[in-house]
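The values are calculated or read from the model by the stated rules, or taken from the named source; none is laboratory data. Just so we're clear, the structure is a prediction, and the values are computed from it rather than from any experiment. In this analysis, Cβ positions are derived from the backbone assuming ideal geometry, glycine residues included, and neighbour counts consider all displayed protein chains.
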Amino acid sequence: MKNTFGNSVAITLFGESHGEYIGAVIDGLAPGIEINHDYISHMLTLRRPSGAISTPRKETDEYKIVSGVLNNKTTGTPITILIPNQSTKSSDYSQFKTVARPSHADYTAECKYHGFQDSNGGGHFSGRITAALVAAGAICKFALEQKGIFIGTHVKKCAGISDADFSDLSAQINLVNQKVFAVLDETVEEKMRSAITAAASEGDSVGGVLETAVTGIPAGVGEPWFDTMEGMLSHIMFSIPAVKGIEFGAGFAIADMRGSEANDSFKIENGNIVTATNNNGGINGGITNGMPIIFRTAIKPTPTIFKAQDTVDFKSMTETVLNAKGRHDPAIVHRARVVQDAATAIALCDALAVRFGTDWLK
């Protein structure tokens with residue numbers, strides 16, 4: 001049983017959706033890193049539900065840091081973050097103890113934890129746990145910004161409706177980091193919201209695609225084989241509930257190109273080595289080349305929907321029909337983008353600490 005990510009900077013997540021607390025422990029951060037509480041609170045705000053397009057469950061996410069920080073600076077010892085759960089309705093989940101929600105973790109949790117798992121609200125598999133991931137990631141993301149490394153994610157696609165592409169990265173990263181519904185083209189937000197609302201009115205859900213950009217990352221970070229930069233980012237991205245795919249740079253479209261189209265030509269610009277294009281998403285041979293890291297993740301539709309679905313009762317080994325109850329998001333893509341920012345920051349802090357030493361982040 002493992003709930004820890006990272007080699008030099010490591011994060012452990014704990015708690016359940018309807019437990020007393022959820023939280024995270026960060027180990028390996030250098031002493032002297034500033035803790036900006038307004039910054040952490042802002043990122044948690046971006047993860048919270050947003051009106052009719054999100055779950056009715058409301059949590060204040062009033063986190064506490066109970067170790068590893070003194071006078072708003074890291075001490076170098078493990079940082080423990082606690083977030084209380086305040087809005088729980090466990091009775092809504094009594095049927096899920098033995099009846100598997102299609103595409104959810106109910107059945108696989110039974111297979112792994114043999115009935116001892118907490119099924120209320122999805123337990124440890126719930127998207128609720130991402131609040132702890134965001135709080136921990138906010139500490140890492142703020143530390144990276146002090147080193148000139150910036151991360152931003154927008155909703156590239158939702159319910160088949162596409163946003164604009166990244167172009168002016170510095171300005172657009174700053175823009176999306178302030179927005180509750182992070183799109184670059186203001187005209188598509190209402191279309192996406194309407195599509196989510198329409199699905200919810202039919203008891204259904206929708207998915208989407210998130211696109212993340214990282215600027216300021218130095219060349220030379222990552223390993224050539226098993227801890228490639230793509231590999232480490234992919235590793236932590238697949239810990240985000242509902243992520244089912246990832247692509248870097250041109251992604252799968254690169255398979256249809258010729259080498260003459262796909263290759264990123266090198267040149268000198270203002271005394272720096274850069275590439276004319278960025279089809280490889282800022283990574284060559286598993287190692288950063290100094291160009292912006294660009295990647296996209298596929299977010300599946302929320303699995304718990306309010307339509308009748310065929311399933312099984314894995315206790316009685318009988319087929320049945322599930323009519324779900326509870327408070328569930330008709331889409332999570334707009335909330336997951338700040339989770340993706342947080343996960344990206346954690347992976348980059350770890351990779352940078354491995355490359356340059358833990359004190360580099362200070």
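Any chance region 220-235 includes a residue that's surrounded by fewer than 14 Cβ atoms within 10 Å (Cβ to Cβ) and either small (G, A, S) or under 22 Å from P49 (Cα atoms) (or both)? Looking through region 220-235, at least one residue is surrounded by fewer than 14 Cβ atoms within 10 Å (Cβ to Cβ) and either small (G, A, S) or under 22 Å from P49 (Cα atoms) (or both). Within the set D264, D256, D227, the sole residue that is among the acidic types (D, E) and over 26 Å from L184 (Cβ atoms) turns out to be D227. Counting only strands (runs of 3 or more DSSP E) that sit wholly inside region 211-284, those with at least 2 residues that are β-branched (V, I, T) and either in contact with a Pro (Cβ under 9 Å, 6 or more places away or on another chain) or modelled with pLDDT of 95 or more (or both) are 243-248, 272-275. When the residues of region 105-119 are narrowed to those that are under 22 Å from the mean Cα position of the chain (by Cα) and assigned to a helix (DSSP H, G or I), which ends up surrounded by the fewest Cβ atoms within 10 Å (Cβ to Cβ)? Ranking the qualifying residues of region 105-119, first place goes to T108. Of the residues making up region 287-333, just one is polar (S, T, N, Q), closer than 21 Å to F238 by Cβ and touching a strand residue (DSSP E or B) at 6+ places or on another chain (Cβ under 7 Å), namely T297.
For region 22-54, the candidate set comprises residues that are of a type in the set (V, I, T) and closer than 16 Å to V134 by Cβ; within that set, the residue that is surrounded by the fewest Cβ atoms within 10 Å (Cβ to Cβ) is T45. Of the residues T297, T320, T275, the single one that is among the polar types (S, T, N, Q), touching a Leu at 6+ places or on another chain (Cβ under 6 Å) and either surrounded by 11 or more Cβ atoms within 10 Å (Cβ to Cβ) or more than 30 Å from R128 (Cα to Cα) (or both) is T297.
Residues in region 126-146 that are in a loop (DSSP other than H, G, I, E, B) and either of a type in the set (S, T, Y) or within 16 Å of A213 (Cα to Cα) (or both): S126 alone. Suppose we filter region 8-21 for residues that are modelled with pLDDT of 95 or more, part of a loop (DSSP other than H, G, I, E, B) and surrounded by 22 or more Cβ atoms within 10 Å (Cβ to Cβ); how many remain? Summing the residues that are modelled with pLDDT of 95 or more, part of a loop (DSSP other than H, G, I, E, B) and surrounded by 22 or more Cβ atoms within 10 Å (Cβ to Cβ) in region 8-21 gives 1. Taking the criterion of being part of a loop (DSSP other than H, G, I, E, B) and free of Cβ contacts under 8 Å to residues at least 60 places away in the same chain, the residues of region 148-167 that qualify are G160, D163, A164, D165, S167.
Exactly one residue out of G152, G137, G123 is at pLDDT below 90 and either surrounded by 24 or more Cβ atoms within 10 Å (Cβ to Cβ) or in contact with a helix residue (DSSP H, G or I) (Cβ under 8 Å, 6 or more places away or on another chain) (or both): that is G123.
Of everything listed in (1) modelled with pLDDT under 85; (2) crowded, with 19+ Cβ neighbours inside 10 Å, the single unmet condition for I83 is (1).
Evaluating V333 against the criteria (1) touching a Leu at 6+ places or on another chain (Cβ under 9 Å); (2) free of Cβ contacts under 8 Å to residues at least 60 places away in the same chain; (3) among the hydrophobic types (A, V, I, L, M, F, W, C) leaves one unmet condition, (2). Of the residues making up region 22-77, those that are assigned to a helix (DSSP H, G or I) and among the aliphatic types (A, V, I, L, M) are I40, M43, L44, L46, A52, I53. Filtered by the rule that a residue be closer than 26 Å to M232 by Cβ and either among the aliphatic types (A, V, I, L, M) or surrounded by 17 or more Cβ atoms within 10 Å (Cβ to Cβ) (or both), region 249-272 gives G249, A250, A253, I254, A255, M257, A262, D264. From the list I139, I149, pick out the single residue that is touching a Pro at 6+ places or on another chain (Cβ under 9 Å), among the aliphatic types (A, V, I, L, M) and at negative phi. I149 is the lone residue from the list that is touching a Pro at 6+ places or on another chain (Cβ under 9 Å), among the aliphatic types (A, V, I, L, M) and at negative phi.
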